[in-house]
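Enquirer: Have a look at this one.
The values are calculated or read from the model by the stated rules, or taken from the named source; none is laboratory data. What you see is a predicted model; the values in this text were computed from it and never measured. Every residue, glycine among them, receives a Cβ derived from its backbone with ideal geometry; neighbour counts consider all protein chains shown.
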Amino acid sequence: MIWRVQMLGGLTVSRGSQVITRFESSRVAALLAHLALFSRHPASREELIELLWPEEEFEVGRHRLRQAIYSLRRQLEPPGIPPNSILSANRLTVSLNPTTFSCDAADFERLVRKGRSAEALEAYLGDLLPGFYDEWILTERCRLQSLFEDLSDIAIGAEKTTNVKLDAQRPFVSLPSILTDYFGRADEKRTLAGMLASHRLITITGMGGIGKTRLAVEVARETSTEFESTAFVPLARSIHEESKRSTLCRI
């Protein structure tokens, strides 16, 4: 079972039920973060001293690095795990065995490189190592933030494009809202619907008040999925004219 080093949104190290959130010092935590982020190449002791204790004399920094390595090894290699199997340190370099751990920040960047944007966005749980202000951490934080923001912009643009396409495909319907149910006239509706398939203009005539407009609206509603646009447009200039006819027009 390997260690999981999580740095996005906060530093946590876990292996099965064992979870580490506290370290002897912030320098021990920063040492682990650097080794996990740059695991492709062993870090020289001089480089680590310069990064973690830039204000200290070299000999003091070298002593503190030895202490940090010892502290980190006690946490990563508890009894039952072979010494030096996870954290390797010699006179010149310090490194993590890449087969013994995984890192969420490295996984995020790998997903980005492979073009798996959705998975990368889901994997980015927060900024890198919040609460740490080392210059190299700030640089890496900004770099990963930029990758995430670029992915977010691309995803938002794709979503807008998809929504525009969906809206363009959705039929436009603008008909009066009528609260009462409509019963009867099934034969008339069926006849009018059939006529709309082959005629551009159909006029319904008759005495005022017999339900010509309501019939036209119901037929328009039931056939709206067959046309790109369905709309109710009142053409009458007076109640008298409206009582004479209602028109269904196919455009």
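Enquirer: Regarding GLY10, is this residue buried (at least 19 other Cβ atoms within 10 Å of the Cβ) and assigned by TED's automatic domain parsing to the domain that holds LEU138?
Expert: So GLY10 fails the test.
Enquirer: Tally up the residues in region 69-86 that are of a type outside the set (Phe, Trp, Tyr) and not in a loop (DSSP other than H, G, I, E, B), please.
Expert: Number of matching residues: 7.
Enquirer: Now a separate question. Is it the case that ARG73 is touching a Leu at 6+ places or on another chain (Cβ under 7 Å) and more than 21 Å from GLU140 (Cβ to Cβ)?
Expert: Criteria met by ARG73.
Enquirer: Going by what's in this entry, would ALA123 be described as surrounded by 11 or more Cβ atoms within 10 Å (Cβ to Cβ), under 21 Å from LEU111 (Cβ atoms), in contact with a helix residue (DSSP H, G or I) (Cβ under 8 Å, 6 or more places away or on another chain) and modelled with pLDDT under 80?
Expert: Taking the combined requirement at face value, the residue does not satisfy it.
Enquirer: Checking GLU55 against (1) at pLDDT below 95; (2) of a type in the set (Asp, Glu); (3) farther than 14 Å from ASP134 by Cα: exactly one of these is not met. Which one?
Expert: Single failed check for GLU55: (3).
Enquirer: Also: Restricting attention to region 87-98, does a residue exist that is exposed (fewer than 13 other Cβ atoms within 10 Å of the Cβ), at positive phi and either among the aliphatic types (A, V, I, L, M) or assigned to a loop (DSSP other than H, G, I, E, B) (or both)?
Expert: No, there is no match, as no residue in region 87-98 is exposed (fewer than 13 other Cβ atoms within 10 Å of the Cβ), at positive phi and either among the aliphatic types (A, V, I, L, M) or assigned to a loop (DSSP other than H, G, I, E, B) (or both).
Enquirer: If GLU47 satisfies every condition in (1) farther than 15 Å from TRP136 by Cβ; (2) free of Cβ contacts under 8 Å to residues at least 12 places away in the same chain; (3) in a helix (DSSP H, G or I) but one, which is the exception?
Expert: Here GLU47 clears every test but (1).
Enquirer: Here is a list of conditions, (1) acidic (Asp, Glu); (2) modelled with pLDDT of 75 or more; (3) over 48 Å from the mean Cα position of the chain (by Cα), and GLU241 meets all of them except one; can you say which number that is?
Expert: Condition not satisfied by GLU241: (2).
Enquirer: Another question about this same structure. Given the structure, is SER39 surrounded by 13 or more Cβ atoms within 10 Å (Cβ to Cβ), part of a loop (DSSP other than H, G, I, E, B) and touching a strand residue (DSSP E or B) at 6+ places or on another chain (Cβ under 6 Å)?
Expert: Judged against the criteria, SER39 is a match.
Enquirer: Filter region 99-134 down to the residues that are part of a helix (DSSP H, G or I) and either touching a residue at least 60 places away in the same chain (Cβ under 8 Å) or among the β-branched types (Val, Ile, Thr) (or both) and list them by number.
Expert: Across region 99-134, the qualifying residues are THR99, THR100, ASP104, ALA105, ALA106, PHE108, VAL112, ALA123.
This table checks each residue for (1) under 11 Å from TRP3 (Cβ atoms); (2) in the same structural domain as ARG40 (by TED's automatic domain parsing); (3) loosely packed, with under 15 Cβ neighbours inside 10 Å; (4) of a type in the set (Lys, Arg).
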{"position": "GLU59", "(1), (2), (3), (4)": "no, yes, yes, no"}
{"position": "ARG64", "(1), (2), (3), (4)": "no, yes, no, yes"}
{"position": "TYR70", "(1), (2), (3), (4)": "no, yes, yes, no"}
{"position": "GLN75", "(1), (2), (3), (4)": "yes, yes, no, no"}
{"position": "ILE81", "(1), (2), (3), (4)": "yes, yes, yes, no"}
{"position": "ALA105", "(1), (2), (3), (4)": "no, yes, no, no"}
{"position": "ARG113", "(1), (2), (3), (4)": "no, yes, yes, yes"}
